[in-house]
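The values are calculated or read from the model by the stated rules, or taken from the named source; none is laboratory data. Small disclaimer: the values here were computed from a predicted structure and weren't measured. Quick reminder, even Gly has a Cβ in these numbers, built from the backbone with ideal geometry, and neighbours come from all protein chains shown. What goes into the accessible areas is simple: the full protein's heavy atoms, side chains included, and nothing from ligands, DNA or RNA. Shrake-Rupley method; radii C 1.70, N 1.55, O 1.52, S 1.80 Å.
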Amino acid sequence: MSKVTFSDLEAATYCPRKLYYRRKDDIAVPDIVTERRELAYQYDRLVDAPTSELADLPLEVSLAQFRENLERATLLEDWEILADPSERDRPVEGKDCRGIVHKVLDGDPPVPSMIFTGTPPETGIWEPQSVRVVAAAKALSWEYERMIERAFVEYPAHGIVREIALSTRRKAAYRRVLRTARAIDGPPPRLTNTSKCDACEYRAECGVKTRTLRSLLGG
């Protein structure tokens, strides 16, 4: 059985129909995504960087907020290896999935850290990202033949780093999405809740009818 990529699992969690269209597309990583990911490998410099240097970075928050968030991250026990990981952008293949682990942190067992370039929720991480992180941890665990029960997520455009436990609930969500992704061989039904659709890059191909502000206001 073919191995599902981490990115396909993330897309399927958001919407199985999105994954169907995504698989038919030739996807290029936008420059802004590459630029924001690179921030995650410059923490040591950015912690003490002058305002003039920070002002030129692709941040999503104010300079003051970025500094505050990054200083809070330096209090993490694993900060030194997060800032200087033993491996970066490592391809891994597990029993069921494959992809790139952005950072592999030395340890017994090693710990994965995944980088996301969007906006984080107030606490924790978004469910599609949670599934992707579990997939990365499981693939790394398969290679090392060791159980991995924690991981880090990074939102470098915000200066935020969070440690998460790979809980039973997160692992169950991963298994559910893995089954869904493997079963897709045609367009799945459209979502009944279209709140996600406005932000989806495939809404035109999908043909979903979203509610505009005018319609919500009775216009």
Test for Leu70: is it at pLDDT 95 or above, in a loop (DSSP other than H, G, I, E, B) and closer than 22 Å to Glu38 by Cα:
no
Among the candidates Val29, Val33, which residue alone is open to solvent by 70 Å² or more (accessible area, probe 1.4 Å) and either closer than 30 Å to Cys197 by Cβ or aromatic (Phe, Trp, Tyr) (or both)?
Val29
Within segment 47-67, take every residue that is free of Cβ contacts under 8 Å to residues at least 60 places away in the same chain and part of a helix (DSSP H, G or I) and give me the one that is surrounded by the most Cβ atoms within 10 Å (Cβ to Cβ).
Leu54
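If you take the residues of segment 198-217 that are within 28 Å of Ala28 (Cβ to Cβ) and among the hydrophobic types (A, V, I, L, M, F, W, C), which of them is modelled with the lowest pLDDT?
Initially, segment 198-217 is screened for residues within 28 Å of Ala28 (Cβ to Cβ), giving 198-208, 210.
From what's left, among the hydrophobic types (A, V, I, L, M, F, W, C): 199-200, 204, 206, 208.
Numbers: Ala199: 80, Cys200: 83, Ala204: 81, Cys206: 81, Val208: 64.
The residue in question is Val208.
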Residue under question is Ser130, and the condition is that it be open to solvent by less than 40 Å² (accessible area, probe 1.4 Å) and hydroxyl-bearing (Ser, Thr, Tyr); does it hold?
yes
Which condition breaks for Ala157 when tested against (1) open to solvent by 20 Å² or more (accessible area, probe 1.4 Å); (2) small (Gly, Ala, Ser); (3) part of a loop (DSSP other than H, G, I, E, B)?
(1)
Those residues of segment 26-37 which are without any contact (Cβ under 8 Å) to a residue 60 or more places away in the chain and closer than 19 Å to Ile115 by Cα amount to Ile27, Ala28, Val29, Pro30, Asp31, Thr34, Glu35
Report, ordered by the first and then the second residue, all pairs with beta carbons closer than 6 Å, sequence separation of six or more or different chains, a first member in segment 122-137 that is of a type outside the set (Val, Ile, Thr), and a second member that is part of a loop (DSSP other than H, G, I, E, B).
Gln129/Phe116; Ala137/Ile148; Ala137/Leu166
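Only residues that are assigned to a loop (DSSP other than H, G, I, E, B) and surrounded by 13 or more Cβ atoms within 10 Å (Cβ to Cβ): list them for segment 73-97, please. Before the answer, list the steps.
As a first pass, look at segment 73-97 and keep what is assigned to a loop (DSSP other than H, G, I, E, B): 74-78, 84-86, 94-96.
Of everything in segment 73-97, those that are assigned to a loop (DSSP other than H, G, I, E, B) and surrounded by 13 or more Cβ atoms within 10 Å (Cβ to Cβ) turn out to be Thr74, Leu76, Asp78, Asp84, Pro85, Gly94, Asp96.
Do we have Ile184 as among the aliphatic types (A, V, I, L, M), at pLDDT below 95 and surrounded by fewer than 22 Cβ atoms within 10 Å (Cβ to Cβ) here?
Numbers: among the aliphatic types (A, V, I, L, M): yes; at pLDDT below 95: yes; surrounded by fewer than 22 Cβ atoms within 10 Å (Cβ to Cβ): yes.
Criteria met by Ile184.
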Go through (1) among the hydrophobic types (A, V, I, L, M, F, W, C); (2) farther than 21 Å from Asp31 by Cα; (3) surrounded by 15 or more Cβ atoms within 10 Å (Cβ to Cβ) one by one and return the number of the condition Met114 breaks.
(2)
